[in-house]
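Asker: There's a structure below that I have some questions on.
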Amino acid sequence: MSEPTEAEIREEVRAWIADNWDPDRGLVEWRNMLVDSGWGVPSWPKQWYGRELNEVLSAAVEREFKRAGAIGVARTGVRMLVAATLLEHGTDLHKEKFLRRILTGEDVWCQLFSEPGSGSDMAAATTRADLKDGKWIVNGQKLWTTSAQHAQYGILLARTNWDVPKHQGLSFFVIDIEQPGVTVQPLKQMNGHASFNQVFFTDAVIEPEFIVEKPGEGWRVATTTLMHERRGATGLGSWGQGSTGEGRAYDEERAEVATVMEPYKWYPQRAGRANWVIERAKETGKSNDPAVRQEIAKVMTLYNSAQWLSNRARAAARMGRKQGPEGSLGKLIGSHVARAAAHAHTAITGADAMLSGPDSPRNGLVAEILVSVPATSIAGGTDEIQRNIIAERVLGMPREANNDTDRPFKDVPRNIVS
């Protein structure tokens, strides 16, 4: 049977929306209908709420929803990273239990990877999961965990074997965050926000069926999550926003976005607000300053190159190709864009760039850019990590000398966090 044309898909989804979309319907009720129809995630397998459409046809479906003003499935936070990981590595039980509620927005998720002593070297995680009486018992600490304060579930990377090299001793779990053995504490940042949390595990329990893949295969699963996370990093300036229509569904979606996206509200500043530099130069009368114009040219060259890379990644996905080096390249260029934009904002605004508060430039957001941009080079894998990945996996350069990858992890000297 031949694949439908884009015109046929658009006609079909347009008719379905006309017959079913009602902004006065409850958001979860609507999304359950959407999930059952397959139009919510049309590129997903048919068995798991999709229609197995290619990226071109899926994009056509998305455009029809936007044209009609119809709300889509829940996509805020890390939930779609979780969904992508479970689709590739999860069991049928995982998919049956979690995927629908991810799409309807009923469950909030967090990502439990980084630790105080192994932020960039994620494979050096020391949070442990020990199998006792048929259940996994978790003890340890995770750090920089967004949305943990209102999450129901988390994806957890923990060490289950200390007698093998570090990458081989990790396992990947789904953990219930709301159990007594999990304690979440917010962290205040220098930009005034409290987006992240530290999470402590004290004899937290995971049922045996909630390990993803086999024990010791956690690094492979986590790599899938990170691949999708870095691919998302190329979408500079794409942030969750609620719809503007009237009706119960719109109201409930706005409330959802306000809650789930609250930790991410400073992320546009973290990315440097490159889209503001020309406007700011005009506002301040610096648009004719040759030195400022040079800084703006640097920013826009980098920014448009990043957009080109992002378009290339999407085109590769439409052709069914697996993620290539675009994830790490996009993450790294995003750091360069952010730093160049911060430098340009400083050149444009001058000493006033250090002012915060309602009477400061852009209500303090220019100052927020300056103190938020450094996070871009750290979060999601540092610039140094991305350069290593590009050097070794793209350029084929020899691996950096390392003395901790070929011996049991228990024998490797580790950072001590007091």
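The values are calculated or read from the model by the stated rules, or taken from the named source; none is laboratory data. Since the structure is predicted, the reported quantities are computational estimates derived from the model, not experimental observations. Neighbour counts are summed over all protein chains in view; Cβ atoms, including those assigned to glycine, are modelled from backbone coordinates with ideal geometry.
Asker: Return yes when Ala74 is within 20 Å of the chain's Cα centre (by Cα) and surrounded by fewer than 19 Cβ atoms within 10 Å (Cβ to Cβ) and no when it is not.
Answerer: No: the conditions fail for Ala74.
Asker: For Val337, are the conditions met, namely being crowded, with 22+ Cβ neighbours inside 10 Å, in a helix (DSSP H, G or I) and modelled with pLDDT of 95 or more?
Answerer: yes
Asker: What is the residue count in segment 73-83 for residues that are assigned to a helix (DSSP H, G or I) and modelled with pLDDT of 95 or more?
Answerer: Residues that pass the stated criteria total 2.
Asker: Kindly evaluate Arg220 against the criterion of being farther than 17 Å from Ser114 by Cβ and at pLDDT 95 or above.
Answerer: Taking the combined requirement at face value, the residue satisfies it.
Asker: Return yes or no: is Val164 more than 16 Å from Val221 (Cβ to Cβ), buried (at least 18 other Cβ atoms within 10 Å of the Cβ), among the β-branched types (Val, Ile, Thr) and assigned by TED's automatic domain parsing to the domain that holds Lys97?
Answerer: Details: more than 16 Å from Val221 (Cβ to Cβ): yes; buried (at least 18 other Cβ atoms within 10 Å of the Cβ): no; among the β-branched types (Val, Ile, Thr): yes; assigned by TED's automatic domain parsing to the domain that holds Lys97: yes.
No.
Asker: Test Ala70 against the criterion of being assigned to a helix (DSSP H, G or I), touching a helix residue (DSSP H, G or I) at 6+ places or on another chain (Cβ under 8 Å) and closer than 21 Å to Val260 by Cβ, and give yes or no.
Answerer: no
Asker: Return the residues of segment 278-302 that are basic (Lys, Arg) and in contact (Cβ under 8 Å) with a residue 24 or more places away in the chain; say none if nothing qualifies.
Answerer: Arg280, Lys286, Lys298
Asker: From (1) surrounded by fewer than 19 Cβ atoms within 10 Å (Cβ to Cβ); (2) part of a loop (DSSP other than H, G, I, E, B), pick out the condition that doesn't hold for Trp44.
Answerer: It fails just one condition, (1).
Asker: Among the numbered criteria (1) assigned to a strand (DSSP E or B); (2) at pLDDT below 90, which single criterion is violated by Thr244?
Answerer: (1)
Asker: Scan segment 4-31 for residues that are surrounded by fewer than 18 Cβ atoms within 10 Å (Cβ to Cβ) and within 23 Å of Ala84 (Cβ to Cβ) and report the count.
Answerer: Residues in segment 4-31 being surrounded by fewer than 18 Cβ atoms within 10 Å (Cβ to Cβ) and within 23 Å of Ala84 (Cβ to Cβ): 1 in total.
Asker: Right, next: For segment 275-314, what are the residues that are among the basic types (Lys, Arg) and part of a helix (DSSP H, G or I)?
Answerer: Arg280, Lys282, Arg293, Lys298, Arg312, Arg314
Asker: Which one is farthest from Lys132 (Cα to Cα) among residues in segment 187-211 that are small (Gly, Ala, Ser) and at pLDDT below 90?
Answerer: That would be Gly192.
Asker: If you go through segment 131-140 one residue at a time, do you hit one that is assigned to a loop (DSSP other than H, G, I, E, B) and either at pLDDT 95 or above or not assigned by TED's automatic domain parsing to the domain that holds Phe201 (or both)? First the steps, then the outcome.
Answerer: Step one: filter segment 131-140 for residues assigned to a loop (DSSP other than H, G, I, E, B), giving 133-134.
Narrowing further to those that are either at pLDDT 95 or above or not assigned by TED's automatic domain parsing to the domain that holds Phe201 (or both): 133-134.
Within segment 131-140, one or more residues are assigned to a loop (DSSP other than H, G, I, E, B) and either at pLDDT 95 or above or not assigned by TED's automatic domain parsing to the domain that holds Phe201 (or both).
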